[in-house]
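Below: one structure, written as structure tokens.
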Amino acid sequence: MLIIENTTEFALQTRSAVAVGKFDGIHLGHRKLLHKILEQKEKGLTAVVFTFDTSASAFFGGEEKDLSTKEEKRMVFGQMGVDVLIEFPLNQETAATEPEVFVQRYLAKQMKTAYLCAGPDISFGRKGAGDKTLLARYEKACDYRLELIEKVQVDGGEVSSTRVRQAVRAGEMEAAARMLGTPYSVSGQVEHGRRLGRTLGMPTANLLPDSNKLLPPNGVYYSSVLLHGVSYRGISNIGCKPTVSRENIMGVETYLYDFDESIYGSQITVQLHAFRRPEEKFENVEALRKQLALDIVAGREFEV
């Protein structure tokens, strides 16, 4: 997958099928867009995702954390078969681009768009003035076919990044998974920890998530870990490990059942299936060990 970043001066060489969106979380609605452009590859078009290199809410001063980091998005797009990912720089200059210029310059000229798909609530350009009506108006003049993809319905409501974010914040991982089409996950490189897990006879894989990654409430979660294309069952703690550490550093620590390989430095994805219990500060390490043993028994019985 070709990644175009940090520039507005790009030019694709072939006609393309373009999906436009923020793609935060890459939920079922986003996946519907992606499947549409991937279908167009059979017609000889290049599958292109056009998104931004920072979230709009962050750029305009919002405090929302991301459901997906840049690296996580790249991984999913690449695995799905996207040919080109354009991470368009969002800054004061580009945010002031008139929507007509956006369509004529970027979509038509630089991306050579032949097929364009987006959600019905798409907005782009200066003050978000560009919308589905403007895209339809330029369809013939700019020689592309526009398809507006209707929202996906789950649990009686429209799937959106906002709803997924609400579920994750509440620790409702099953609800989040139904909207995402896959468990909510945290990806990163396995770091060296305090090695307390190995001392307890329960070695763990430790991640330090991106500071802008949205995490569910601190606690213990039934989980799986994807490592080199293989899924391993486990149980994860999200939090600061108050029993053994005074440092207020958020981490994701996962014990894998029946697994004893050294994976330091490996890239893994921790999938969070369901909330088990809140994070606790125990009186001593032995009390922690006993509770972890109970967590592991419950985790082995949990059906993914």
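All of the numbers you see were taken from the coordinates with simple rules; none came from a lab. What you see is a predicted model, and the numbers here were worked out from it, not measured in a lab. All Cβ positions, even for glycine, are placed from backbone atoms using ideal geometry, and neighbour counts span all protein chains on display.
Dividing the helix sum by the residues of the chain, where each DSSP H run of 4 or more adds -39500 (n - 2.57), gives a mean residue ellipticity at 222 nm of -6500 deg cm²/dmol. Taken about its Cα centre, region 40-167 carries a charge dipole of about 320 debye when Lys and Arg each add +1 at the Cβ and Asp and Glu each add -1 at the Cβ.
3J(HN,Hα) along region 152-164: 8, 9, 9, 6, x, x, 6, 6, 8, 4, 4, 5, 4 Hz, from the Karplus curve 6.51 cos²θ - 1.76 cosθ + 1.60 with θ = phi - 60°, whole Hz, x for Gly and Pro. Couplings for region 273-290, taken from phi via the Karplus curve 6.51 cos²θ - 1.76 cosθ + 1.60 with θ = phi - 60°, read 8, 7, 7, 9, 6, x, 5, 10, 9, 8, 5, 7, 5, 5, 5, 4, 4, 5 Hz in order; Gly and Pro are left as x. For the chain, a Gaussian network of Cα nodes joined below 10 Å ranks 249, 238, 37 by mean-square fluctuation, and the top entry is 249. Scanning residues 5 or more positions from residue 279 or on other chains, those with amide H under 5 Å from its amide H are 219, 220, with H placed 1.01 Å from N in the peptide plane.
Compare 222, 264, 144 in a GNM of the chain, Cα atoms joined below 10 Å, and give the one with the largest fluctuation. In this elastic network of the chain, the residue with the biggest mean-square fluctuation among 222, 264, 144 is 264. Ordered by the number of other Cβ atoms lying within 10 Å of each residue's own Cβ, fewest first, 182, 204 fall into the sequence 182, 204. Counting neighbouring Cβ atoms within 10 Å and putting the fewest first, the residues 16, 231 line up as 231, 16. For residue 274, the residues whose amide H sits under 5 Å from its own are 222, ignoring neighbours fewer than 5 places away on the same chain, with H placed 1.01 Å from N.
Extension gain, residue 80-residue 289: 0.36 nm per intervening residue step, less the Cα-Cα distance, totals 71.2 nm.
Using a simple spin-label model with pseudo-atoms 7 Å out from Cα toward Cβ, residue 303 and residue 174 lie 1.1 nm apart. Tell me, rounded to the nearest percent, the portion of alpha carbon pairs in the chain spaced more than 26 Å apart. Value for the chain: 50 percent of Cα pairs lie more than 26 Å apart. For the chain, the Cβ-based charge dipole about the Cα centre amounts to some 280 debye (Lys, Arg positive; Asp, Glu negative; other atoms uncharged). Legend: ranking of residues 109, 65 from fewest to most surrounding C-beta atoms inside 10 Å; resulting order 109, 65.
Here the 3J(HN,Hα) profile of region 69-74, calculated from phi with Karplus coefficients 6.51, -1.76 and 1.60 at θ = phi - 60°, is 6, 4, 5, 5, 4, 4 Hz, Gly and Pro shown as x.
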